[in-house]
Amino acid sequence: MAEEPCQCSDCQRFYQEHDRLIREFPTFKQQQESNWASIQSFRTLCTKVTNELQRELSARESNDDFIPEERDISDTEITEALDELESVNAYLYSIEALMERIFDTRISNNIESKFKEIANELAPDPLNMDRLILNRLFHQTPDSPDQRNIN
């Protein structure tokens, strides 16, 4: 018997995002591009926050008049975050190097069509009329888990 997927809110959010990404980017090329953009945006944001935290820490160190109680973020918190962000940025550079290898891969339009076909099977449109009807029927079934807990 297959193990049921986790139903916690974090996992459900992940499944929804996973399916959305498959639906919105159903080809190999689109997956390459979206993953590249995602990594680049994450790296850009981490780098910008790292630079801002370094600037703020330097400004604090050079300005002794700054009252520690008025700070939103402690020096220790900034230093710890900088260490973590440096690691994250190193990991992102590594992922970027691997992604460059993936970008060297080219596939034919026939194979791209297969990607689209399988994407529709993996993550069907939740607003598709057939799926809405099936969901409605499922939730009206007396032996469904939702219905058993009502009585």
- Note on the structure: Two pseudo-spin positions, 7 Å from Cα along C-beta at Glu100 and at Gln12, lie apart in nanometres by 4.3
- Query: Roughly how many debye, to the nearest 20, is the charge dipole of the range 33-105 about its Cα centre, given +1 on each Lys and Arg Cβ, -1 on each Asp and Glu Cβ, and no other charges?
  - Reply: 460
- Message: Take Ile107 and Ala81, extend 7 Å from each Cα along the Cα→Cβ direction, and tell me the distance between the two endpoints in nm.
- Response: 4.0
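Could you calculate the FRET efficiency of Ser62 with Tyr91 from 1/(1 + (r/R0)^6), where r is the beta carbon distance between them and R0 is 35 Å, rounded to 0.05?
Details: r = 31 Å, r/R0 = 0.89.
So the FRET efficiency works out to roughly 0.65.
Every number here is computed from the coordinates shown, using simple stated rules; none is lab data. Because the structure is a prediction, the values reported are computed rather than measured. Note that we place each Cβ from the backbone using ideal geometry, even for glycine, and neighbour counts take in every protein chain shown.
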